[in-house]
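I have placed the structure first, in the form of structure tokens, so that the comments after it can refer back to it.
The values are calculated or read from the model by the stated rules, or taken from the named source; none is laboratory data. None of these values were measured; they are calculated from a predicted model. Positions of Cβ are backbone-derived with ideal geometry, glycine not excepted, and every protein chain shown enters the neighbour counts. The protein model used for the area step is the full one, side chains on, heavy atoms only, and it has no ligands, DNA or RNA in it. Shrake-Rupley method; radii C 1.70, N 1.55, O 1.52, S 1.80 Å.
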Amino acid sequence: MKFTLSWLKEHLKTDATLAEITDKLTAVGLEVESVTDPAEALKPFFVAEVIEAKPHPNADRLRVCTVNAGGKTVQVVCGAPNARAGMKGVFAPVGTHIPGTGITLKQAEIRGVLSSGMLCSEREMMLSEEHDGIIDLPADSPIGAPFAEIAGLDDPVIDIAITPNRQDCLGVLGIARDLAAAGLGTLISPVVEQIEGSHPSPVNVEIDAPDACPVFAGRFIRGVKNGPSPDWLQRRLRASGLRPISVLVDITNYLTYDRARPFHVYDAAKLNGDIRVRMAEKGEGLVALDGKSYVLTGSECVIADQSGAIGLGGIIGGETTGASDETKDVFLECALFDPIRTTQTGRLHGIESDARYRFERGVDPESVLSGIEFGTRMILDLCGGEASNVIVAGAVPDDQKTVPFRPGRVAGLGGVDVPEAESIRILSELGFALEKQEAGLYIAAVPSWRMDVDGEADLVEDILRIHGYDKIPSTPLPKAANVAKPTLTLQQKRSRAVRRGLASIGLVEVITYSFMDGAIAGLFGGGQDSLRLANPISSELDVMRPSILPNLIAAAGRNADRGVKSIGLFEVGPHYTDDRENGQALVAAGLRAGITGPRHWAAPPREHDLFDAKSDALATLNSCGAPVGSLQIYDGAPNWYHPGRSATLRLGPKNILAAFGEIHPGILKTLDVKGPVAAFEVYLDLVPEPRGKAGQTRPAPDISDLPGVERDFAFIVDQNIAAGEVLRAAKTADKQFVTDASVFDLFQGTGLPEGSKSLAISVKLTPRNKTFTDEEIEALSKKVISSVEKITGGKLRV
Amino acid sequence: MEQISDLQKNLLNDVESADTLEALEALRISVLGKKGQITGLLKTLGSMTPEQRKESGPLLNQLKNRIIDAVTVKKDTLEKAGLDARLKKERVDATLPVRPQTQGTIHPVSQVMDELAEIFADLGFAIAEGPDIENNFHNFTALNIPEEHPARQMHDTFYLAEKEESARKVLRTHTSPVQIRTMINQKPPIRIVAPGRTYRSDSDATHTPMFHQVEGLVLDRDIHMGHLKGCLEAFVTAFFEIDHVKMRFRPSYFPFTEPSAELDIGCHFDGDTLRIGEGDDWLEILGCGMVHPKVIANCGIDPDEYQGFAFGCGIDRLAMLKYGMTDLRAFFESDLRWLRHYGFAALDIPTLAGGLSR
């Protein structure tokens, strides 16, 4: 909402400076976004007189002017056709920055003639698009006077943001009222004078849609003269960002910004019979003042005559009945439209207008009957004519609101003591009528223009913002006497630990969008309709992601394209299986792509494989406290993994805590990312809660001082026997003394029976009370061999 | 006698001239081993008369000890020389690069979330969460944002595909629905913060379709706006880690708070760098207010008995202000160059004892 300082002062008698006014506006909740003073940019421009204008010796279109520039005579080469001796124009001396061209003037020779300065057009000063000639000022303009001053442009423009609740401040009058209440001056309340009609209105109004338009006041004004608005009106409209059209239209726009009261004027000669306010008929057409055709659906409130719809109520008028320079008789509309219907219609047809903006926030219902009077007054004043009597269809809704008000609530809710009298003063100045009921209780009648107020908290807010939020003393929150307790949930602690854990093993945390390309989501088990966005920002972000991995793979691809050779990424965040509350799961996912590191003199890099993914998955599970030792490895990773190079980590056969492996080459090809990519997903929600409580003592450690013994065995087993199975068989051979087993060699090929492999394992034997004898070691070795042979069907390799 | 002294002389010579550890060991075995020269001589003692033995015994033992000492000394010398030679040979170029070991980083949003968790834990706030996919009740209706209210349009809501059997779901446009969930499920007193992902259909340098917010809610019998100011001033000062931050509470409007405010912090530009805390410019950092009585009532709590405040703040924006990023879009582009530049080390864990940032 933009308006000028002088406009504000028409409603506010004040001695306050511009800075005081803008500070106070922000302090009362009318946030100042900018203050621009057009006089600033126009400072160097002043009035000068052309003494002589001779043809340029070397150019037909140019003139050489001798200019009286305030006591100094200068020579200016000018291209304007209207430059002539004796005219007063706007002069810019050498050194002036010309806003319209962006050039700073220099003394220059133009076709061999010296030019010192410039006579300006309106476009060169960015006042309008006018560039047919230089500005031709009235003959009595004083030479040397600043142009901004004589043109009335020394009027700062204030731009404020109005929150949706303050529809009353979508007019300068409402803004002035807030400032007056805040002590910045006195509100100049406009007196609304009743204008006697000199004749009955030849146009009548009927309302068929009272829900959409409860009341409509109209007036016929005959014999008006339309044309350009007076300068002051044009200036104010331009300052507000509006384009002056004609005085009749400009008056309605001006009052919209002055009183937050939209109007419409119809060229009465173009009306076909009486006006009916009704719901649109389905399929009915309307050409609006924006020049566009609309086909109506039947949900809109229209203003109609016998020809059909001539306007969308509260939003925009129709082209057929618009005012033009030829308009002689007008019908003025001042009506009330339902906010919800206005919003729906405006949104349905995509029409933004100042009227819609106000009606959807709510226009003061009382302004229907006063508005028709001040609207008429302004038309009569600026366009002449004779007003008819006022036609009123429907009735102003009687929804006078009252709110109980306890002055003690200002301190109770606001935390600041405002004397009762001051609270009452503020509310009164804002237009509330207060009636004391008993000590500490008033009934406040809410002014008709305050659509937002419906409770005591609203009154407290009004008092606080006018009194000043800065006067509310800061109060520390009551603090517990003890050390603050931990506040993270288990999942939050886990996410945190996982993030730190993965970052510490070389993965970089990313955060990617929760939505992704539906076509790709399908490859990751997603893309179902329930998770599809109805209004995505682009087709590449149109479904909720079923897995974090596609985003990570795409990110890896982008980084690889930028030349990154070694890529490690992870994200801890949601993936989505359906749109229900528990359809969102917390997942830690990561990948490694490219090579393991830079080329190195001692550690040559390699590509990533399944075991990198397995290591990362186990590190993740370890970080979040999963019982890693009890996990089992199964096949059955989702089908975006390489079927032969992936697995799942499970707690029991059913609870899948993680999947890991190399990404399926087909997927990588579709995503255009070079493989191999080793990835993992850990489903953090499925990791069981830790047993036991925090701060519990731990059992004594199982530490033996006796040296352990390591024995190596090689087994020839069937190729399909998993190494994990061999190790498990070795470990279970003797639960007391066999404490660990690991694979140190894997051999397949010549010398071995077809379809078999050799696995060499190292088994750790730990004595308990005394060192092993050779016989004991021998017996344990035999147990290991027979356990492995029995469980895996393998043979000790001798 | 003469013989022994000659022998000693010769043997000491031999020891001295041994030039490798292997030669010395061979010599030792040939002299002191089981079949060695001196061992042999000592064996002859058994066949001597007591007088002869009395004379030769000490001499032979003395000879043996002399030679043992000499071998030990020589061995030491040779070993030392050998070590010196080995060390010389083993010299490597220490300027060669170490074996590669990449360090990962923590995303600035996670880091700031951890910072917030620290600060609000100290202020006694628990952390609450809610789903990203919300229904209209939690995201709008319960928050006093009716269907056709202009505020609902202001949210640029993402809707999920319309379903016949149930009302249309939305991606939450703010973290405020967590307020509702908390008030419905928990009895006052309540003190929570709720960080999380939020979504609005918007995209430019300072808006992305997904961003992060943190919501705060305090509900009790006597909480007033002074507490709101005190709490947020404490938070802002702690977060920016400067002693004095110029702050301004400005009246504003949110459907779910009454009175409502926005908090601006003072700032100025030092060249191209934004300095937080002092200066003549203002930066809006969060919205807040006293929870609207209707919102409290919508959650089944009596607004005449309980009141409190709520606030909501953009986490990404906080990160940008504190750590100097200028383009929000880069937060979600996964560019390793950006992530390594603005990311945090794994062990750079914010704590109150150690300070939020290193």
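Points to keep in mind about this one:
- Helix-only CD estimate at 222 nm, as mean residue ellipticity for chain A, using -39500 (n - 2.57) per DSSP H run (n ≥ 4): -7500 deg cm²/dmol
- Kyte-Doolittle mean at least 0.0, axial Cα span of 15 Å or more - DSSP H helices of chain B: B:21-32, B:108-122, B:225-240
- Percent of Cα pairs in segment A:323-379 per distance bin of 5 Å, from zero to the largest separation: 4, 17, 21, 19, 17, 15, 7, 0.
- Dipole magnitude of segment B:2-89 about its Cα centre (Cβ charges: Lys, Arg +1; Asp, Glu -1), debye to nearest 20: 320 debye
- A loss of 30 Å² or more of accessible area (1.4 Å probe, protein heavy atoms, ligands and nucleic acids excluded) relative to the isolated chain is seen in these residues of segment A:462-476: A:Tyr469, A:Ile472, A:Ser474, A:Thr475.
- The residues neighbouring A:Leu671, those whose beta-carbon lies less than 15 Å from its own, together hold a net charge of -1 under the Lys/Arg +1, Asp/Glu -1 convention.
- For A:Lys731, the aspartates and glutamates whose Cα falls under 15 Å of its own Cα, not counting residues fewer than eight places away in the same chain, are A:Glu710, A:Asp712, A:Asp740, A:Glu789.
- Of all accessible heavy-atom area on segment B:2-89, the percent that carbon and sulfur account for (1.4 Å): 54 percent
- The residues packed around A:Ser141, meaning those with a beta-carbon under 13 Å from its beta-carbon, carry a net charge of -3 if Lys and Arg are +1 and Asp and Glu are -1.
- Calculated accessible area for segment B:108-351 comes out at 36 Å² per residue, all protein chains present (probe 1.4 Å; ligands, DNA, RNA ignored).
- Intensity falloff of the protein assembly as shown expressed as log10 I(q)/I(0), Debye formula with alpha-carbon point scatterers, at q = 0.04, 0.07 Å⁻¹: -0.39, -0.89
- Surface burial for B against A, with a 1.4 Å probe and both sides summed, reaches about 7500 Å² of accessible area.
- Computed from Cα atoms alone, the Kirkwood hydrodynamic radius reported for segment A:27-114 is 15.0 Å.
- Accessible area expressed per residue, segment B:2-89, with surrounding protein chains retained (probe 1.4 Å, Å²): 72 Å²
- Those lysines that a straight Cα-Cα span of less than 26 Å connects to A:Lys106, excepting residues fewer than 8 apart in one chain: A:Lys43, A:Lys54, A:Lys72, A:Lys88
- Relative contact order [Cα under 8 Å, 6+ residues apart], chain A, whole percent: 8 percent
- Cα-centred dipole magnitude for the protein assembly as shown, charges only on beta-carbon of K, R (+1) and D, E (-1), debye, nearest 20: 5540 debye
- For chain B, relative contact order (Cα pairs under 8 Å, six or more residues apart, normalised by length) works out to 16 percent.
- Phi-based couplings in Hz for segment A:538-546 (Karplus 6.51, -1.76, 1.60; Gly and Pro marked x): 7, 5, 7, 10, 10, 9, 6, 6, x
- Spin-label model, A:His199/A:Asp635: points 7 Å from Cα along the beta carbon direction are separated by 9.7 nm.
- The Cα center of segment A:210-257 and the Cα center of segment A:399-441 differ in position by 38 Å.
- Within the accessible area of segment B:108-351, the carbon and sulfur atoms contribute 48%, probe 1.4 Å, all protein chains present.
- Pairs beyond 29 Å (Cα-Cα), from B:Lys34/B:Lys88; A:Lys735/A:Lys795; B:Lys34/B:Lys54: B:Lys34/B:Lys88
- Rounded to the nearest 10 Å², the accessible area of A:Tyr634 at probe 1.4 Å: 80 Å²
- Think of a 1.4 Å ball rolled over the protein heavy atoms: chain A then has 46 Å² of accessible area per residue.
- A straight Cα-to-Cα reach below 28 Å connects A:Lys225 with the lysines A:Lys270, A:Lys292, A:Lys328, residues fewer than 8 places away in its own chain not being considered.
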